[in-house]
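Structure first, commentary second.
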Amino acid sequence: MTRTKMRTEPDLMKKGWKKHTGILFVLPWLLGMTFFQLWPIVHSIIISLFDYSIFREKEFIGFGNFAELLFDDDAFWQSIKVTLKFVFYTVPSRIIFALLIATILNRSTKGIGIYRVIYYAPSLIGNSVAIAIIWKAIFDKNGIVNLLLSNIIHNKPLWLGNPKLALPTISLLLIWQFGSSMVIFLAGLKQIPKEQYEVASLDGAGVLTKFFKITIPHLSPLIFFNVLMQMITIFQYFTGPFVIYNGQAGPADSCLLLGIHIYRSAFNMFRLGYGSALSIMLGLMVGLVTIFIFRVEKKTVFYG
Amino acid sequence: MKKNNSVRIGLILIALFISSVSAFGTGVDEAADDQSKPVQIRFAWWGSEGRHDATLAAVDRFMEKYPSIVVKTEPQGWGGFHDKLATQISTGNEPDVFQFANDKYMADYAEAGMLYDISDFIGSIIDTDSIDKGTLGWGSFNGTLYGIPTGMNGQTLLYNKKIFDEAGAAYPEDSWTWDDYEAAGIKIAATGKYAAVDFSTQLDYVSVLIYQMGGVIVDNNLQVVCLKELTKIYEMAERFRAEGIFPPMEETVVHNTQQDNYFVLGEAAMKFDWAATAPMFNTSLVDGNLGSIGIAMMPGSSEKPASVTSLGSMPLLIGRNSEHKEEAATLINFLINDPEAAAILKTVRGVPVSSKARTSLRSNLSEVDAMVFDAVDKLSAISLPAPAKYRVTRGGAANLGTIIQTEGEKVGFGQKTPAEAAADAVEQMQSMIDKAN
Amino acid sequence: MDSATRFNKYHHIYLTLIGVIMVYPILWMVIASLTPSHEIFLTGRFLPSTIQWSNYTEALSAKANYSLLDFLLNTFILEFFVISGTIISTSLVGFGFARVPFPFKKILFTILIGSLLLPQTITLIPRYILFSKLKWINSYLPFVIPSFLASGIGGTFFIFLVNQFIRSIPLELDDSAMIDGCSRFQIYLKIILPLSKTVLITVALFSFIWTWDDFQNQLIFINDVAKFTISLGLRMTIDTTELMSWGPILAACSIALLPSLSVFLMAQKYFVEGIATTGIKR
């Protein structure tokens, strides 16, 4: 068992307040956390109770903003629909892809380095403006995707122009970036004792049984971790649709993610109070889903 | 001994930190506090590369003539320009001189007290004698003059001569009715090209059409009153899409900006746009061997006096928080009145408002520029002069535009009927205006 | 082992196929960036008729005072300060959590982990107002100052990473230094820091990439074209009121991606191991 404490603790031998100077090490984080994370959360709640616009004086309106977004804002409900759909398309697909590819790569004893590089690279550059522009070009009516598919499909789908196809196409942009999860799963897979598989094989277990009875349970903490972190990130996604549609939200608002609605309310319409109320709704939703995921974790995750 | 090292390192880190912080300055300029240094002013505008190049050249000439003034230029794209401007004004940081979209934002900004009354400088530094009063009126709101328009401009029908030739259709005429437009459209659609860019989702064109029909989007009581007109426009667009005159909405939505649309790509024969954009489109079409431009009045213009289709556009304003208002006024006067400026700027902002500038340019115009001049002349003849009636929007033009666009798209995707979409659009716009006031 | 070899042959084929699809967008971008603009769409050819280097010269040329090179330079300057601040602060804080006793440590560590779950969007508007009051808008301060306080992009994650790493350094080293009379800070500086090179390189690399791509924050806090980063500058190329020439735009994209891709290719080991350690049971 590795030690975590030192043999001599000169600090603790000092008198009075000097004992606690260790906290200075984390002082930067304490300051940063207070000013840039804790206080903003509190402030956000405060602002959301105001009509806070760049054009007028602040005015306290209590829950007015919340009433508005619940009862008087079609765009809000549209954004909820769109965001939930988006998370639902993206997160499971990414995790599944990552799992599958990681499992396959894990079997090989050599030469996976290059695959790892190729699959992981999109994760690093995928969130950039450049890739969003590329996506717009590739999925254009006359773009390379339709060109390559022209032997199979005979009309050219408008991936980004059709309100039914636009959101999945953008979801694809994020699914393409499954590499980071894959790498985590690969590392996790390496930790599973090989004997377990061998014993199972001897018992006559097939590939699928081994996968579901050994691999998945062992990876479940990582799967849980990935699902959680990705859900939180993807709930707030912004860059893709914003760049592809030039600040608009896709055909007939089909890509109006909540992050974009918040940005528009706060920075195009200058309604900072309303934007804060929307942000809080986002936070609440993320919180609810987080709790749900934790509940599921209690029942399904196996810490061996 | 060891303690000293730690302290030293700590001090170095702190020093590094402080110096890195100070290396970053804020947006506020530190120049020109010193009396002996030239005065520095900031000048911001939006436009395309052509306008940028011309304006930069004109500013260079200005600085040669007025060596005590240094102009820091801030050329930008249209996207986000006014958002940024509003933010800057609210933090007291706006440029000394800035171009402004009076048709969209004048009412809002003026009533919020964000603009500066420029009339002090009229007659003293800024000469407005050679500017037609009607045009000058476009720089004011409710009787107060805030800026000097830089160009006379208006919505016109731009057309691609090559596509018309290939379809064997006659070029658009100023006397065209909407029936003529539709007939020509069907003829062109038969050849496989689209006849026009869908105008039903863009605020600029929708608003002009509403005026043509005798209505207005928002009246003086801040009521949205364009339900009838908007319904007609959505219905017209739906019909045109069915007839192949407009492309399907799926294609329009990904090619619906001024720089990326079927007209400039040579896929559609006609487009509504500001007369002053004609040279830019012409260059693009000619370079790509896709055709060349003609300009006509919008269909229906000859049937009734168009409510307002010409305006003194893109006024230059002086920042309310500017600390060098006189120098700012000097720059404005130069750009508007000086014949050298006119010779450099030509028609990048439309037809020059100063009659002196116009006269000096007339003789040396390129073919396209001459077309722009002619178009604006015609527009002036048929439009009403009173800007007070021309209230495009209120409560945030960009956002009314977004509503009109989204609802128009829904019609295009078959999600709503034109009547439903127009009703929803009106309701949302009213709601938005109510909240903003 | 027999089934393993059988796996490898078929699976190599699948993996290669998928790999090609994964890489294709980048490949297409590079090829298209060297294609004359009017050939990029519509034509059924995979390779350009001529190699259009002029797309790159056009992309790099100055438009109205500023060029891509200015934006690249701006971004590198921003990165320099952000990475410096991140390394200094996260190593300090990570060391603090890993080695130093202080009051409320357990609670604070829980808060640290908990803050990973905080949706950053909630802090966007308040931070904007805060920076607005401090007059830091339109500068790089909204990025640099937080990075010195371990609150930049990915800050919490980095603290965690450093913490994990330092825990794996044997305590004997600390002990002997302490016996020699070193203060904690000297242990940090002279012993732990040098040994932490790998994790700090990982922190620097991730910080570089994530800041490079941080579009939304840059969009809100930077207004002056003179200070635009590469993300903002790139977006301007599709946002100007001028005809879009796809050739130069794609060339610009390639240029914008070059630093990230190069950094990744040269240092993949650090990326992969860095990500992998987050999965190791905490």
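Laboratory data are not the source of any read-out in this text; all were calculated from the coordinates shown. Being a predicted model, the structure only gives us computed values, none of them experimental. Note: ideal-geometry Cβ built from the backbone for every residue, glycine included; neighbour counts use all protein chains shown.
Worth a mention:
- Residues whose placed amide H lies under 5 Å from that of B:Thr156, excluding near-sequence neighbours: B:Asp273, B:Trp274, B:Ala275
- Over the C-alpha trace of the protein assembly as shown, radius of gyration and Dmax come out as 30.9, 100 angstrom.
- When you restrict to C-alpha pairs under 8 Å that are six or more residues apart and normalise by the size of chain C, the relative contact order lands at 29 percent.
- Distance between the modelled labels on B:Asp53 and C:Val30, one decimal in nanometres: 3.3 nm (7 Å Cα→Cβ projection).
- Quarter the surface of the alpha carbon convex hull of chain A and you get the mean projected area, 24.5 square nanometres.
- Peptides B:98-105, B:406-413 ranked from most to least packed give B:406-413, B:98-105, packing being the mean of other C-beta atoms within 10 angstrom over each peptide's residues.
- Site pair A:Ile114 and A:Leu148 shows an inter-label distance of 1.8 nm when each label is modelled 7 Å from Cα along Cα→Cβ.
- Extension gain, A:Leu70 back to A:Ile46 (0.36 nm per residue minus Cα-Cα distance, nm): 6.8 nm
- Antiparallel %, DSSP beta bridges [both residues in the protein assembly as shown], to 5: 65
- For A:Lys194, the aspartates and glutamates whose Cα falls under 20 Å of its own Cα, not counting residues fewer than eight places away in the same chain, are A:Asp203, C:Asp2.
- Residue order, fewest to most surrounding Cβ atoms within 10 angstrom, among C:Tyr188, B:Tyr66: B:Tyr66, C:Tyr188
- Nitroxide proxy distance, nm - points 7 Å out along Cα→Cβ at A:Leu208 and C:Lys197: 5.1
- Taking a span of 30 Å or more along the helix axis (Cα atoms) and a mean Kyte-Doolittle hydropathy of at least 1.0 as the rule, the DSSP H helices of chain A that qualify are A:272-300.
- Packing-based exposure ordering (other Cβ within 10 Å, fewest first) of A:Lys213, A:Lys194: A:Lys194, A:Lys213
- Under 24 Å of direct C-alpha separation, and excluding same-chain neighbours fewer than eight residues apart, C:Lys269 reaches these lysines: A:Lys110, A:Lys190, C:Lys197, C:Lys281.
- Distance cut-off 36 Å, percentage of C-alpha pairs in chain C lying past it: 33
- Amide H to amide H distances under 5 Å link A:Phe50 with A:Ile61, where only residues 5 or more positions off or on other chains count and H is placed in the peptide plane.
- Contact order relative to length of chain B, as percent, for alpha carbon pairs under 8 angstrom and 6 or more apart: 26
- If you plug the beta carbon distance of C:Asp224 and A:Ala200 into 1/(1 + (r/R0)^6) with R0 = 41 Å, you get a FRET efficiency near 0.05.
- The mean number of partner chain beta-carbon atoms within 10 angstrom of a residue's beta-carbon across peptide A:250-262 is 4.
- With a Förster radius of 30 Å applied to the C-beta separation of C:Phe46 and C:Thr16, the computed FRET efficiency comes to 0.95.
- Ranked by the mean number of other Cβ atoms within 10 Å per residue, highest first, peptides B:265-275, B:135-145 order as B:265-275, B:135-145.
- Applying 1/(1 + (r/R0)^6) with R0 = 22 Å to the Cβ-Cβ distance of C:Leu60 and C:Ala267 gives a FRET efficiency near 0.25.
- Relative packing of peptides B:109-117, C:201-209 - highest average C-beta neighbours within 10 Å first: C:201-209, B:109-117
- Within 10 Å of each Cβ in B:409-419, the average number of Cβ atoms from other chains: 3
- Projecting the Cα positions of C:Tyr128, A:Trp77, C:Ile88 onto the charge dipole of the protein assembly as shown (unit charges on Cβ atoms of Lys, Arg, Asp and Glu, taken about the Cα centre) puts C:Ile88 furthest along the positive direction.
- Long-range Cα-Cα pairs in the range B:37-122 (distance over 18 Å), rounded percent: 50
- Dipole magnitude of chain C about its Cα centre (Cβ charges: Lys, Arg +1; Asp, Glu -1), debye to nearest 20: 740
- Computed helical MRE - 222 nm, chain B, DSSP H runs ≥ 4 contributing -39500 (n - 2.57), nearest 500: -14000 deg cm²/dmol
- Of A:Leu69, A:Leu148, A:Leu173, the one that fluctuates the most in a GNM where chain A has Cα springs shorter than 10 Å: A:Leu148
- Number of partner chain Cβ atoms within 10 Å, mean per residue of A:178-184: 4
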